[in-house]
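The values are calculated or read from the model by the stated rules, or taken from the named source; none is laboratory data. Every value quoted in this text rests on a predicted model; they were computed, and no experiment measured them. Here the Cβ positions follow ideal geometry from the backbone for every residue, glycine too, while neighbour counts run over all protein chains shown. Heads up: the accessible areas ignore ligands, DNA and RNA and are worked out on the full protein's heavy atoms, side chains in. Shrake-Rupley method; radii C 1.70, N 1.55, O 1.52, S 1.80 Å.
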Amino acid sequence: FASCRHFQKYGYKIVIITNQSGIARGYYSENDFLSLNKWMLQKFSDRNINILDVFHCPHMPESNCSCRKPKPGMLMIASKKYDIDMSKSWMIGDKETDIIAANSAGIHNTILIENDTSQEELRSNAKFILKSIKDCIQTIGI
């Protein structure tokens, strides 16, 4: 929450872009996702953090849809809907597909949050590789 408050302090709008193939796989329903999403947004709101929007792709990795990251579809929809200047935007992700999608959408300020896939980090196109979202405070807005 502190990181998100920091980003807002510097005028950034927060948009969540997420692949949710669990919907297509039948692990949970679209309504389950939307209920969890509503709960999550309320937790951010309770802490005076405004999440501008959440875009999700419910498709399987092999569906070849235009929205699933690493394709930039959801980012392009967000950009158009909110008139976002992608050249001044940041993408914080935990997978290289997030970085690829961002770069394809014109976002070159990218942060890959370290995860268990150290080989992915070694070949990442991310501008920064950080240990946690908390570390982003030292990078964004300074």
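Key figures for this structure:
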| read-out | value |
| --- | --- |
| Yes/no for Gly141 being open to solvent by less than 30 Å² (accessible area, probe 1.4 Å), under 27 Å from Gly11 (Cβ atoms) and more than 15 Å from the chain's Cα centre (by Cα) | yes |
| Which numbered condition Ala101 misses (of (1) open to solvent by less than 20 Å² (accessible area, probe 1.4 Å); (2) among the hydrophobic types (A, V, I, L, M, F, W, C); (3) outside any helix (DSSP H, G or I)) | (3) |
| Residue satisfying all of: in region 28-72; touching a residue at least 24 places away in the same chain (Cβ under 8 Å) and part of a helix (DSSP H, G or I); surrounded by the most Cβ atoms within 10 Å (Cβ to Cβ) among these | Phe33 |
| Residues of region 1-27 satisfying the condition of being surrounded by fewer than 16 Cβ atoms within 10 Å (Cβ to Cβ), assigned to a helix (DSSP H, G or I) and touching a Phe, Trp or Tyr at 6+ places or on another chain (Cβ under 8 Å) | Gly22 |
| Selection within region 73-98 - open to solvent by 30 Å² or more (accessible area, probe 1.4 Å), assigned to a loop (DSSP other than H, G, I, E, B) and closer than 22 Å to Gly11 by Cα | Asp83, Ile84, Asp85 |
